[in-house]
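As structure tokens, the structure follows; a few thoughts come after it.
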Amino acid sequence: MAKRDYYEILGVGRDASEADVKKAYRRLAMKHHPDRNPGNPESEAHFKEAKEAYEALSDKDKRAAYDRFGHAGVQGGPGGGFGGGADAFSDIFGDVFGDIFGGGRRGGRSQVFRGADLRYDLELTLEQAVAGDSITLDIPAQVECTRCTGKGAEPGSQPITCKSCNGVGHVRVAQGFFSIQQTCPSCGGAGATIDKPCRECAGRGRVRKNKTLSVKVPAGVDNGDRIRLAREGEAGRNGGPSGDLYVDITVQAHPIFTRDGQNLSCEVPVSFATAALGGTVDVPTLEGNVVLKVPPETQSGSLFRLRGKGVRSVRESGVGDLFCRVQVETPVNLTAEQKETLRAFDAAIQNEGERHSPRARSWFDGVKEFFERMGA
Ligand SMILES: [Zn+2]
Ligand SMILES: [Zn+2]
């Protein structure tokens, strides 16, 4: 297939200015960028085509060659004729795409590096997770050196502009008809060399230091939730943006409550007499005690729901419920007199047969039936 004309691809005239070429490319690249059109080969082809056209027309020498010789003038040679594709891209997109596509590209005049993302495990009590809290974190991180303000040079001295690349961070190496752009080997792309390295950071511009951060934990967070603090990760290098800090949340086990999403559950011990006669029990919630009404003849294991006494989730609307499971408590440490009373009571209801103990009755029925089936 014949290659399309570069001016046609960018939709500009042959007399288009450098700025027009840049503008046209920026528009096309935004539209067809692979990050915005995942799995779309047509967009990818458009993107590559536009990039190639821009690389040719944005360079004065290459554009002149293209104008005279057509595609033949800008092809051939290792690496397709001109290296530094990434630079051509970042020269105009460093600022535009930095945030959209994750940053970390080579931008501007020399290479910049985005700082690393950090992760922090934050353990909360259930109360903190439910009500939200403001928490101070002490995080070990690479921060900008205050002594040299990140420049890496001892105060009073200055980084010296790299002589090999004149501070640009890359050099051009002649290769036949054209020249190829390379990261400057003298300064590693930084554009400057340091004569007297900073005492504090040994010229790195960053130091390992604990930094204190305040995190607002929203109400209703749960195990596995993650809070992102943009730009609070490690400092970037050479003016690059900082990474992000991810705070991963775990919630400690609670002595009374178990949480399941928006709902809470707990066990409520109830005396034998209250369970039999009915009554009220004070039940703790995360917002103070509430009164649970225990109806007469409540069996151990019965579940009662207190609506709206659960948790307000950080994601869903509404509030969950509190489920109370009644545990009838067997009395302990009885006096001789109390035991006697209990025996008398037991004898009284035994004499009246099974009408007081429906569960025992069905259980004994089950046992009897089982032995009959076994032929005993
Ligand atoms: Zn320093
Ligand atoms: Zn250099």
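For the residue pair residue 19 and residue 252, what label-to-label distance in nm results when each label sits 7 Å from Cα along the Cα-to-beta-carbon direction?
Distance between the two pseudo-spin positions: 6.2 nm.
Identify, among 227, 173, 375, the residue whose Cα sits farthest towards the positive end of the charge dipole of the chain, taking +1 on the Cβ of Lys and Arg and -1 on the Cβ of Asp and Glu, with the dipole about the Cα centre.
Checking the options against the dipole of the chain, the answer is 173.
Would you grab the residues whose amide H sits under 5 Å from the one on residue 294? Only those 5+ places off in sequence or on another chain, please, with H modelled 1.01 Å from N.
279, 280, 281
For region 234-376, what relative contact order do you get, as a whole percent, if you take Cα pairs closer than 8 Å and at least 6 residues apart?
On the way: 173 pairs, mean separation 28.0, N = 143.
Normalised by residue count, the contact order of region 234-376 is 20 percent.
Rounded to the nearest whole Å², what accessible area per residue is found for the chain with the 1.4 Å probe?
Values: 22820 Å² over 376 residues.
Per-residue accessible area for the chain comes out at 61 Å².
One quarter of the convex hull surface, Cα atoms only: what value does that give for region 9-61 in nm²?
Numbers: hull surface 13.6 nm².
If you wrap the Cα atoms of region 9-61 in a convex hull and average its projections, you get 3.4 nm².
So, counting K/R as plus one and D/E as minus one, what does the shell of residues with Cβ under 10 Å around residue 37 add up to?
On the way: positive: 31, 36; negative: 35, 42, 44.
Local net charge: -1.
Under 16 Å Cα-Cα from residue 22, which lysines qualify once same-chain neighbours fewer than 8 residues away are excluded?
Those lysines meeting the cut-off are 31, 48, 51, 60, 62.
Relative to the longest principal axis of the chain, what angle (0 to 90°, nearest 10) does the C-alpha long axis of helix 358-373 take?
Compared with the principal axis, the helix lies near 90 degrees.
If R₀ is 41 angstrom, what is the calculated FRET efficiency for the pair residue 351 and residue 307, using the beta carbon separation as r and rounding to 0.05? Let's see the in-between values first.
Working: r = 43 Å, r/R0 = 1.04.
Using R0 = 41 Å, I get an efficiency of 0.45.
What per residue convex hull volume, in Å³, comes out for region 165-275 when only alpha-carbon positions are used? Please list the in-between numbers first.
Values: hull volume 20.8 nm³, N = 111.
It is 187 Å³ per residue.
How many nm separate the modelled label positions at residue 316 and residue 271, each set 7 Å beyond the Cα in the direction of the Cβ?
3.8
With θ taken as phi - 60° and the coefficients 6.51, -1.76 and 1.60, list the Karplus ³J(HN,Hα) couplings across region 345-350 in order, rounded to whole Hz; mark glycine and proline as x.
Values per residue, Gly and Pro as x: 4, 5, 4, 5, 7, 5 Hz.
Using a probe of 1.4 angstrom, how much of the accessible area of the chain is carbon and sulfur, in percent? Write out the running numbers ahead of the final one.
On the way: 11280 of 22820 Å².
Carbon and sulfur: 49 percent of the exposed surface of the chain.
Can you give me the long-range amide H partners of residue 150? Hydrogens built in the peptide plane at 1.01 Å from N, cutoff under 5 Å, separation of 5 or more residues or another chain.
145
Of 180, 349, 256, which is the most mobile in a GNM of the chain whose springs link Cα atoms less than 10 angstrom apart?
349
Straight-line reach from residue 309: which lysines have a Cα under 20 Å away, not including same-chain ones fewer than 8 places off?
293
What net charge is computed for the residues neighbouring residue 344, neighbours being all others with C-beta under 15 Å from the C-beta of residue 344, Lys and Arg scored +1, Asp and Glu -1?
Details: positive: 339, 343; negative: 337, 340, 346, 352.
Net local charge, residue 344 excluded: -2.
Read phi for every residue in region 219-231 and hand back ³J(HN,Hα) as whole Hz from Karplus 6.51 cos²θ - 1.76 cosθ + 1.60, θ = phi - 60°, with x for Gly and Pro.
So the Karplus estimates, Gly and Pro as x, are 5, x, 5, 9, 3, x, 6, 9, 10, 9, 10, 4, 6 Hz.
Please report, in whole Å, how far the alpha carbons of region 135-185 spread along each principal axis, starting with the longest.
Reported extents, whole Å, longest axis first: 61, 31, 12.
Return the ratio Rg/(2.2 N^0.38 Å) for region 203-264, where Rg is computed over Cα atoms only. Mind showing how you got there, number by number?
Numbers: Rg = 16.9 Å, N = 62, 2.2 N^0.38 = 10.6 Å.
Rg over 2.2 N^0.38 Å, computed on Cα atoms: 1.60.
Accessible area of residue 374, 1.4 Å probe, to the nearest 10 Å²?
Residue 374 has an accessible surface of roughly 130 Å² with all protein chains in place.
Choose one answer from 125, 335, 146: the residue with the largest mean-square fluctuation in a GNM of the chain with alpha-carbon springs under 10 Å.
In the Gaussian network model the winner is 335.
Provide the net charge surrounding residue 120, with neighbours chosen by a C-beta distance below 12 Å and charges set as Lys +1, Arg +1, Asp -1, Glu -1. Before the final figure, lay out each step's value.
Working: positive: 119, 211, 226, 228; negative: 117, 121, 123, 138, 232, 244, 248.
Neighbour charge sum, excluding residue 120 itself: -3.
Most fluctuating residue of 359, 206, 119 in a GNM of the chain with Cα springs under 10 Å: which is it?
359
Taking the 0 to 90 degree range and rounding to the nearest ten, how far is the long axis of helix 18-32 tilted relative to the main principal axis of the chain, both from C-alpha atoms?
Roughly 30 degrees, rounded to the nearest 10.
Hey, if we sort 293, 339 by accessible area with the 1.4 Å probe, largest down, what's the order? Walk me through the numbers on the way to the answer.
Values: 293 155, 339 90 Å².
Sorted by accessible area, descending: 293, 339.
On C-alpha positions alone, give me the angle between the axis of helix 60-69 and the longest principal axis of the chain, in degrees, nearest 10.
Once rounded, one gets 70 degrees.
Would you please give the FRET efficiency between residue 61 and residue 186, computed as 1/(1 + (r/R0)^6) with r the Cβ-Cβ distance and R0 = 25 Å, to the nearest 0.05?
Numbers: r = 24 Å, r/R0 = 0.97.
Calculated value: 0.55.
What FRET efficiency, computed as 1/(1 + (r/R0)^6) with R0 = 51 Å and r the Cβ-Cβ distance, is obtained for residue 371 and residue 125, rounded to the nearest 0.05?
Working: r = 53 Å, r/R0 = 1.03.
E(calc), rounded to 0.05, equals 0.45.
Under a Cβ-Cβ limit of 4.7 Å, which cysteines in the chain have nobody to pair with?
266, 324 - these cysteines have no disulfide-compatible partner (Cβ-Cβ under 4.7 Å) in the chain.
Using +1 at the Cβ of each Lys and Arg and -1 at the Cβ of each Asp and Glu in the chain, identify which of 140, 217, 6 lies farthest towards the dipole's positive end.
6
Can you run phi through the Karplus equation (6.51, -1.76, 1.60; θ = phi - 60°) for region 177-184 and list ³J(HN,Hα) in whole Hz, with x for Gly and Pro?
Result, rounded to whole Hz: 5, 10, 10, 10, 8, 10, 4, 5.
Could you give the nm distance between label points at residue 4 and residue 37, where each point is 7 Å from its Cα heading toward the beta carbon?
1.0
Enumerate the amide H contacts of residue 191 below 5 Å, restricted to partners 5 or more residues apart or on another chain; note that Pro and chain-start residues carry no placed amide H.
Under 5 Å from the amide H of residue 191 lie the amide H atoms of 169, each far enough along the sequence or on another chain.
Working only with C-alpha atoms, what are the Rg and Dmax values of the chain, expressed in angstrom?
37.4, 117
The values are calculated or read from the model by the stated rules, or taken from the named source; none is laboratory data. Small disclaimer: the values here were computed from a predicted structure and weren't measured. Note: ideal-geometry Cβ built from the backbone for every residue, glycine included; neighbour counts use all protein chains shown. Only protein heavy atoms, including side chains, enter the accessible area calculation; ligands, DNA and RNA are left aside. Shrake-Rupley method; radii C 1.70, N 1.55, O 1.52, S 1.80 Å.
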